[in-house]
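Bear in mind these aren't lab numbers, they're just calculated from the coordinates by the rules spelled out. It should be emphasised that the depicted structure is a prediction, and the values quoted were computed from it without experimental measurement. Please note: Cβ atoms are built from the backbone with ideal geometry, for glycine as well, and neighbour counts cover all protein chains shown.
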Amino acid sequence: GNSVTQMEGPVTLSEEAFLTINCTYTATGYPSLFWYVQYPGEGLQLLLKATKADDKGSNKGFEATYRKETTSFHLEKGSVQVSDSAVYFCALATGANNLFFGTGTRLTVIP
Amino acid sequence: ETGVTQTPRHLVMGMTNKKSLKCEQHLGHNAMYWYKQSAKKPLELMFVYSLEERVENNSVPSRFSPECPNSSHLFLHLHTLQPEDSALYLCASSQAGIRETQYFGPGTRLLVL
């Protein structure tokens, strides 16, 4: 079946620290992969995406590379800011109407 | 108003009540979605409407009833809910298919007593 597993939080980092949030997936076919972010009191918004193997999605200093050989799409940022505090969701889409999310990872960045 | 809006933002209801959640998108999209977000669980896709036709149900209990009168509006009608239905209900919209970027509303926080 299709599923997404992401690292459990919460994750607490100091400002300017390096961030990695792990995401692995199981999918039939050739999925598209996404990272969504949810800031406090808001809905989810797309952070970045990749549609095929070896693609790298990037936005706002965040990056993730679609690794088919390890079925992973880990989110990274070299230097986090307080404003990056949010919940991050990894997701995959396969087929016509199937979209699967992970459980979310809460990130808190302290000054 | 821009983006995806949802009303009400908060709702408290008893198990015998009937209520409706409303979603409106101002992005010109032709697909809309309902999700349930519960603590410690993955976001659950409940319903998908594409071109105003329901294309995915995902085995949601019949006490949840969606309605999509046009491409800009989506409703979720609720009746005889259970306490375990308490959650954040998110609406989203996109162009033509689930691989496209989805735009989410802020959600309705529902508490069933």
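Cross-link partners for A:LYS49 among the aspartates and glutamates, with Cα-Cα distance under 17 Å and sequence neighbours closer than 8 places in the same chain left out: A:GLU63, A:GLU76, B:GLU100. For chain B, the relative contact order comes to 36 percent (Cα pairs under 8 Å, sequence separation of at least 6). Note on the protein assembly as shown: percent of Cα-Cα distances in each 5 Å bin, starting at 0 and stopping at the bin with the largest distance, equals 1, 7, 15, 18, 18, 17, 12, 7, 3, 1, 0. Across every direction, the projection of the convex hull enclosing the Cα atoms of the range B:35-96 has a mean area of 4.5 nm².
The charge dipole of the range B:1-89, taken about the Cα centre with unit charges on the Cβ atoms of Lys, Arg (+1) and Asp, Glu (-1), comes to about 340 debye, rounded to the nearest 20. Counted over all Cα-Cα pairs of the range B:1-64, pairs farther apart than 14 Å make up 69 percent. Extents of the range B:60-113, largest first, come to 36, 21, 17 Å (Cα atoms, principal axes, whole angstrom). Remark: the range B:51-63, residue by residue, has Karplus-estimated 3J(HN,Hα) of 6, 6, 9, 6, 10, 8, 10, 6, 6, 6, x, 5, 6 Hz, where x stands for each Gly or Pro and the curve is 6.51 cos²θ - 1.76 cosθ + 1.60 at θ = phi - 60°. Summarising the overall dimensions of chain B from its C-alpha atoms, the Rg and Dmax are 13.2, 38 angstrom. Counting Cβ atoms of other protein chains within 10 Å of each Cβ in A:35-45 and taking the mean gives 5.
Expressed in Å, the radius of gyration and Dmax of the Cα atoms of chain A are 13.4, 43. The mean count of C-beta atoms from other chains within 10 Å of the C-beta of residues in A:100-107, rounded to a whole number, is 3. Both the radius of gyration and Dmax for the range A:12-55 are 13.6, 39 Å, in that order, over alpha-carbon atoms. In whole Å, what is the distance between the alpha-carbon centres of the range B:46-63 and the range A:46-111? One Cα centre to the other: 26 Å. In order along the range B:19-32, the Karplus-derived 3J(HN,Hα) couplings, from 6.51 cos²θ - 1.76 cosθ + 1.60 at θ = phi - 60°, round to 9, 9, 9, 10, 9, 9, 10, 10, 10, x, 7, 10, 9, 9 Hz, and Gly and Pro are given as x.
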